[in-house]
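To start, the structure under review is shown below, and the notes come after it.
The values are calculated or read from the model by the stated rules, or taken from the named source; none is laboratory data. Since the structure is predicted, the reported quantities are computational estimates derived from the model, not experimental observations. Glycine gets a Cβ as well: all are built from the backbone with ideal geometry, and neighbour counts include every protein chain shown.
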Amino acid sequence: MDFNFTEEQSMIRDSLSRLIREQYDFDTRRKVVESESGWRPEMWAQFAELGLLMAPFSEEDGGLGGGPIDAMVVMEEFGKGLVVEPYVPSVVCGGGFLKRGNDAQKEEYLSGVMSGETIFAFAYAEPRGRYNLADLETTAKKDGAGFVLNGHKAVVIGAPWATHFIVTARTSGDRRDSKGVSVFVVAKDAQGVSTRDYPTVDGRRASEVYFENVSVGAESVIGEVDNGLPLIEIVTDEAIAAICAEACGAMKVAHTMTVEYSRQRKQFGVPIGKFQVLQHRMVDMFMEHEQSISMTYMATLKIDEDEVTRKKAASAAKVRIGQAGRFVGQEAIQIHGGMGMTDELAVGHYFKRLTMIDSEFGNVDHHLKRYTALTEMDLPAAAE
Amino acid sequence: MNLDFSPEEIAFRNEVREFIRENYPKELEGMGTREDLTREQFLAWHKVLGKKGWSTPAWPEKYGGTGWTSTQRYIWSEENARVDALMPLPFGVAMVAPVIYTFGSEEQKQRHLPGIQSGDVWWCQGYSEPGAGSDLASVKTTAVRDGDHYVINGQKTWTTLAQHADWGFFLCRTDPNAKKPQEGISFILVDMKTPGIEVKPIKLIDGTHEVNETWLTDVRVPVENLVGKENEGWTYAKFLLAHERSGIAGVARSKRGVERLRTIASEELVDGKPLIESQDFARKISQLEIDLTALEFTELRTLASEAAGKGPGPESSILKVKGTEIQQRLTELTLEAVGNYGAPYGYGMENAGNEGFGVGPDHANFAAETYFNMRKTSIYGGSNEIQRNIISKMILGL
């Protein structure tokens with residue numbers, strides 16, 4: 001057993017942490033978030049230069065030979081800095097599909113993802129599908145050698161900045177069947193693709209993405225036609241591990257800020273950190289954060305294990321971190337008092353991000369249910 | 001003890017319901033839970049009620065109260081909450097007015113109460129200061145007597161909607177040498193147009209401009225604007241806070257919120273079935289409703305004892321703590337119910353109107369913003385930690 005980071009991982013963490021400290025301070029971020037485009041392409045280029053975008057890919061694929069642990073290291077730092085650039089959509093999700101694609105797809109897209117020139121967004125959620133990855137009304141109908149896509153994807157994070165989409169669509173079977181789901185690469189500028197862009201409450205950008213008779217070739221299918229769901233689940237579980245790491249980073253900062261504030265802020269003549277009722281809550285925040293780190297490691301280390309183990313690990317982590325993030329975020333605001341409610345202080349922005357992480361890729365209830373179902377599957381058949 | 005409405009009360013309910021249906025401003029429909037409204041929108045219903053004589057039911061009749069029984073007032077809140085009515089703001093009606101009619105001079109009553117009742121005059125509250133949130137008695141803003149005036153200097157914060165205010169009530173230190181922080185404070189009414197007052201917006205995490213910093217520099221206020229006795233403002237301040245707390249439970253509004261949550265949960269789908277059919281979520285709503293019932297009956301008991309002549313006491317802290325916890329839980333569950341569509345930022349949308357903003361179902365619009373905004377409720381009006389201290393000290397004697 002070994003919970004140490006490799007030298008490369010430590011280097012990534014240290015240099016990223018420095019970059020964020022120097023160029024991603026809270027005021028700068030706030031200006032960027034409120035700007036027209038809502039992000040900094042030049043920051044994305046710096047992430048590429050640091051090797052962050054190639055870190056989780058194998059050397060055969062042109063990456064640095066890392067994997068999910070490297071993505072975890074990056075995402076924890078991103079969580080500390082409330083980074084808005086689309087690492088999860090493009091590198092973890094886009095890259096996650098492409099590295100499991102065929103050689104031609106890798107060649108066409110993966111080097112662009114790693115250099116940062118190609119940016120993916122993951123168009124999977126739908127207006128009536130909630131968190132069920134197979135509940136798809138978007139269809140891809142066979143048309144000659146290729147397919148024609150029609151549908152509406154909801155809250156596609158990072159879509160305004162994307163050049164390409166990974167799109168999940170139904171190629172056969174009934175709505176919600178696990179069979180009959182396929183995964184496509186679609187260029188954002190393809191004929192028939194339109195978007196409505198908007199800001200999100202946690203400072204990012206997203207779009208509603210509409211596909212109207214969008215023709216794609218057979219070469220756009222990633223993985224097997226009709227059998228895309230297992231692939232979607234693997235990539236989604238990787239994304240869950242990544243945003244759990246992000247949540248850990250955000251919780252760390254929210255907690256540190258709160259402890260610090262409680263030392264400075266005086267009421268009734270003493271720092272509020274002297275009040276036991278607040279001390280215990282800050283201790284609880286600390287314990288929640290520690291448990292979250294443990295669960296993030298666990299889920300990240302189990303990504304390559306068998307399907308049930310991986311899924312249970314990802315769901316367990318997502319449940320625990322959804323709960324922890326809510327507690328830490330709410331208490332951080334409460335202990336900051338009125339100041340915590342202001343846009344001017346960073347702590348409220350950590351609270352908002354932690355809130356939204358819970359609903360990304362399935363909330364607490366969704367993953368409790370998934371975990372329970374997987375556990376029931378695992379039980380030995382009852383002797384009757 | 002019994003819970004039934006009498007035939008007279010049922011008739012009253014029908015009358016109120018009819019009046020609301022005919023007179024509630026159409027342009028306010030669906031806006032009752034929004035924070036980004038204009039002065040005119042905030043005051044529209046208040047002005048209608050002012051004309052009818054129903055804007056200040058809780059006041060003594062001789063000052064313009066309706067003389068309704070506590071049951072009638074309960075019916076009144078329920079009927080307004082049914083349509084999410086945008087009720088008169090508390091700063092004038094429920095906060096400063098009771099102080100004025102209880103402790104103020106005849107002249108103050110005549111001058112200020114009619115404008116509060118009609119909705120023509122907007123009041124704001126100058127209590128909190130940057131260094132003193134929950135520790136309200138550590139007021140640093142000073143009022144120094146100079147002939148027929150007080151000269152006020154200092155800074156207030158969290159002055160809710162002061163950008164619209166005509167008048168404000170301020171806690172100021174008039175005796176810097178008082179032995180205890182609670183002594184030497186005075187309660188002063190200030191015309192917000194007086195030179196030297198500057199109101200600066202504070203943006204909150206939900207993106208709205210609901211509160212302000214208010215700076216007072218050599219603000220000259222006539223001495224007749226002092227309420228009650230000099231240096232005894234703390235007594236009036238506490239009286240006001242107890243009144244604020246008893247209105248803070250928000251039972252009728254939360255009941256409406258639970259209904260709305262049920263509707264949302266029956267429209268949102270999980271695996272093709274309504275969310276409300278998922279046992280996990282249905283139980284959460286039930287739990288919330290049970291907690292709300294407990295709060296409702298606690299409030300009814302409190303109202304009954306008030307009707308029997310007892311003023312709001314430390315028990316009102318229960319209503320504040322439980323009421324705000326329920327309001328927060330309600331917005332948390334509403335956000336949970338809307339799923340992915342909690343993410344779009346409503347106040348960042350170009351075309352956010354009362355029809356929603358066209359991304360996702362209308363019922364999801366502003367769910368996250370409202371959840372963020374409602375975190376304030378366990379902080380304001382004396383934080384919930386302070387309320388627990390009050391109960392511990394005043395009721396348990398610890």
Review point. Which of the residues belonging to region B:327-345 are more than 15 Å from the chain's Cα centre (by Cα) and either of a type in the set (A, V, I, L, M) or more than 10 Å from every other protein chain (Cβ to nearest Cβ) (or both)?
Key: B:ARG329, B:LEU330, B:THR331, B:LEU333, B:THR334, B:LEU335, B:ALA337, B:VAL338, B:ALA343
Point to revise | Subset tally (residues that are surrounded by fewer than 21 Cβ atoms within 10 Å (Cβ to Cβ) and within 18 Å of A:ASP174 (Cβ to Cβ)) for region A:135-152 | key: 6
Check your understanding: Across region A:97-129, which residue is nearest to the chain's Cα centre (by Cα) among those that are assigned to a helix (DSSP H, G or I) and crowded, with 20+ Cβ neighbours inside 10 Å?
Key -> A:PHE97
Review point. Picking from A:VAL33, A:VAL92, A:VAL83, A:VAL88, which residue would you name as being of a type in the set (Val, Ile, Thr), in a loop (DSSP other than H, G, I, E, B) and within 20 Å of the chain's Cα centre (by Cα)?
Key: A:VAL83
Check your understanding: Filtering region B:137-179 down to residues that are within 14 Å of chain A (Cβ to nearest Cβ) and under 20 Å from A:PHE268 (Cα atoms), which residue is modelled with the lowest pLDDT?
Key -> B:ALA137
Practice item. Go through region A:302-337 residue by residue and tally those that are within 22 Å of A:ASP2 (Cβ to Cβ), basic (Lys, Arg) and in contact (Cβ under 8 Å) with a residue 40 or more places away in the chain. Key: 1
**Study point:** Pair list, Cβ under 6 Å, 6 or more apart: region B:1-23 residue free of Cβ contacts under 8 Å to residues at least 60 places away in the same chain, other residue surrounded by 11 or more Cβ atoms within 10 Å (Cβ to Cβ)
**Key:** B:ASN23/B:VAL48
Practice item. Please tell me if B:LEU136 is among the hydrophobic types (A, V, I, L, M, F, W, C), surrounded by 17 or more Cβ atoms within 10 Å (Cβ to Cβ), over 19 Å from B:THR217 (Cβ atoms) and in contact with a Gly (Cβ under 8 Å, 6 or more places away or on another chain). Key: yes
**Study point:** Candidate set: region B:324-359, residues that are modelled with pLDDT under 95 and of a type in the set (Gly, Ala, Ser); chosen: the one nearest to B:LYS255 (Cα to Cα)
**Key:** B:GLY356
Review point. Across region B:192-214, what is the total count of residues that are hydrophobic (A, V, I, L, M, F, W, C), within 14 Å of chain A (Cβ to nearest Cβ) and part of a strand (DSSP E or B)?
Key: 3
**Study point:** Pairs where the first residue, in region A:195-207, is facing chain B (nearest Cβ under 8 Å) and under 10 Å from A:VAL155 (Cα atoms) and the second is aromatic (Phe, Trp, Tyr) and outside any loop (DSSP other than H, G, I, E, B), C-beta under 7 Å, 6+ apart
**Key:** A:ALA206/A:TYR198
Point to revise | Matching strands (runs of 3 or more DSSP E) fully within region A:177-274 where at least 3 residues are out of contact with any helix residue (DSSP H, G or I) (no Cβ under 8 Å at 6 or more places or on another chain), at pLDDT 95 or above and under 30 Å from B:PRO130 (Cα atoms) | key: none
Point to revise | Yes/no for A:MET251 being surrounded by fewer than 19 Cβ atoms within 10 Å (Cβ to Cβ), in contact (Cβ under 8 Å) with a residue 60 or more places away in the chain, hydrophobic (A, V, I, L, M, F, W, C) and closer than 29 Å to A:ASN363 by Cα | key: no
